[in-house]
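The values are calculated or read from the model by the stated rules, or taken from the named source; none is laboratory data. Note that this is a predicted model, so its numbers are computed, not measured. Cβ coordinates were reconstructed from backbone atoms using ideal geometry, including for glycine residues, and neighbour counts include every protein chain displayed. Accessible surface is based on the protein model in full, side chains and every heavy atom, while ligands, DNA and RNA are left aside. Shrake-Rupley method; radii C 1.70, N 1.55, O 1.52, S 1.80 Å.
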Amino acid sequence: MGFAHNNVLHANHFRKDWQRRVRTWFDQPGRKLRRRNARKTKAAALGVRPLSLLRPAVRGQTVRYNRKLREGRGFTLGELKEAGVGRKEARSVGIVVDHRRRNLSEEGKKLNVERLVAYKQKLIVFPRKAGKAKKGDSSTEDLSATTSRVTLPLPESFPAEAPRKITAEEREFEAFKTLRTARANARHEGARKARAAKKEEEEAAKKK
């Protein structure tokens, strides 16, 4: 590697102690095992409770992701009220409550109310003291039933529609023309209203 003109020669140190500065990942298998053991310990400590808390099904943000359903932070107070669950009771049976969230659509609210009702039907509440059941605890028959610790799965974001034949009405429908007409009507609505109002005023003035 040559250098042109009367410049200072480079004194680059390429033989530094790089092994001391490099970030290694040799502890990854050990970490994996440690995490697995921690999950086992936590699951054993939870007893018969579900492994994770129940969270609502919400849409992703922005047009790019709103077709996707994901788990939200917590259920709204409105959803809990419709499902017949108190906010304090919800927290005691593994349901997360988010007092900040608002329901922006009836469909989303209905979906989460159904999710809560399904969870309530499957829920088994054991009494604190054996043989001394209190209000809200499950019956003796329910206590002896087989239990599952898996959380309710999220519903399908868009249920698949079964294939069918195209109807004659659908064949005759002109989508592009309908859209153009709707856009034009929306664009000229204000001007048409103003024109009609002016015409009415003129007619009223003539009658006088």
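Condition first: small (Gly, Ala, Ser) and outside any loop (DSSP other than H, G, I, E, B). Now tell me which residues in segment 37-47 satisfy that. Those that are small (Gly, Ala, Ser) and outside any loop (DSSP other than H, G, I, E, B): 38, 43, 44, 45.
Per this entry, residue 100 is counted among residues that are over 17 Å from residue 152 (Cβ atoms) and either open to solvent by 100 Å² or more (accessible area, probe 1.4 Å) or part of a loop (DSSP other than H, G, I, E, B) (or both).
Counting the residues of segment 159-208 that are outside any helix (DSSP H, G or I) and either open to solvent by 90 Å² or more (accessible area, probe 1.4 Å) or in contact with a helix residue (DSSP H, G or I) (Cβ under 6 Å, 6 or more places away or on another chain) (or both) gives 10.
Condition check for residue 67 on (1) part of a loop (DSSP other than H, G, I, E, B); (2) under 30 Å from residue 106 (Cα atoms); (3) open to solvent by less than 80 Å² (accessible area, probe 1.4 Å): one failure, at (3). From the list 30, 60, 72, which one is farther than 30 Å from residue 124 by Cβ and either touching a residue at least 40 places away in the same chain (Cβ under 8 Å) or touching a strand residue (DSSP E or B) at 6+ places or on another chain (Cβ under 9 Å) (or both)? That would be 60, the only listed residue that is farther than 30 Å from residue 124 by Cβ and either touching a residue at least 40 places away in the same chain (Cβ under 8 Å) or touching a strand residue (DSSP E or B) at 6+ places or on another chain (Cβ under 9 Å) (or both). When the criteria are applied in full, residue 84 fails the requirement of being on the phi < 0 side of the Ramachandran plot and of a type outside the set (A, V, I, L, M, F, W, C).
So that you can scan it fast, the table gives a plain yes or no per residue for (1) within 30 Å of residue 72 (Cβ to Cβ); (2) at pLDDT 90 or above:
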site: 139; (1), (2): no, no
site: 146; (1), (2): yes, no
site: 165; (1), (2): no, yes
site: 181; (1), (2): no, yes
site: 203; (1), (2): no, yes
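Might you check whether a residue that is outside any helix (DSSP H, G or I), in contact with a Leu (Cβ under 8 Å, 6 or more places away or on another chain) and not aromatic (Phe, Trp, Tyr) occurs anywhere in segment 17-36?
No, every residue in segment 17-36 fails to be outside any helix (DSSP H, G or I), in contact with a Leu (Cβ under 8 Å, 6 or more places away or on another chain) and not aromatic (Phe, Trp, Tyr).
Name the single residue that is surrounded by the most Cβ atoms within 10 Å (Cβ to Cβ) among those in segment 103-126 being in a loop (DSSP other than H, G, I, E, B), within 18 Å of the chain's Cα centre (by Cα) and not small (Gly, Ala, Ser). This residue is 103. Selection of segment 70-92 for residues being open to solvent by 30 Å² or more (accessible area, probe 1.4 Å) and part of a loop (DSSP other than H, G, I, E, B) yields 73, 84, 86.
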